[in-house]
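**Q** Once you've had a glance at the structure underneath, I'll fire off some questions.
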Amino acid sequence: MTAETGLFASVKRLLSTLLGMAQTRLELLVNELEEERIRFIRLLLYSLIMILFFGLGTAMLTLLVIAVFWDTHRLLAISLVTITYLGIALWLAIRVARETRHRMFSATLDELAKDKAALEPAE
C-alpha cells in the first residue's frame, strides 16, 4: 500500500507541476495577447491619423505645385508630383512589411521550447 501511495503521490505531484507550468504559460500568452491588442490599436490609430494628414498635405502640395507651373510646365509638374507620390507609397509599403514581421507570442514560444528541452531525456 505504501508503494501505491508513494507512486500515486508522485504522479499527483507531477500532474500538479505540469498544470502549474501550463497555467504559467497560459498567463504569459494572455499577457502577450493584451500587449499585441494594445499595440495593434495604437498602430491602427496612428495609421488612420497619418493617412488623413498625409492626404490633406499631398492634396495641398499638388495644388501648389501645379498652380506654380501651370503656365510653363504643367505636365512636367504633374508627372514629378505623381512620381513622388508613388515613391512615398513604396517607402510606406516597405515600412508596413517590416512592421508585420514582428513575431507574435515570441516569449511564450521561447518558454515552451525551454520546457520541451527540459522534459526531453538527457543523452
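Values quoted throughout were computed directly from the atomic coordinates according to the rules given, and no laboratory measurement underlies them. From a predicted model like this one, the values you see are computed outputs, not experimental measurements. All Cβ positions, glycine included, derive from the backbone under ideal geometry; neighbour counts span all protein chains shown.
**Q** Whether any residue in the stretch 18-26 is among the charged types (D, E, K, R) and assigned to a helix (DSSP H, G or I) is what I want to check.
**A** Yes: one or more hits.
**Q** Among the residues of the stretch 28-76, how many are among the acidic types (Asp, Glu) and touching a Ser or Thr at 6+ places or on another chain (Cβ under 7 Å)?
**A** Residues that pass the stated criteria total 1.
**Q** Can you tell me which residues in the stretch 72-115 are over 15 Å from the mean Cα position of the chain (by Cα), surrounded by fewer than 11 Cβ atoms within 10 Å (Cβ to Cβ) and part of a loop (DSSP other than H, G, I, E, B)?
**A** Result: THR72, single match.
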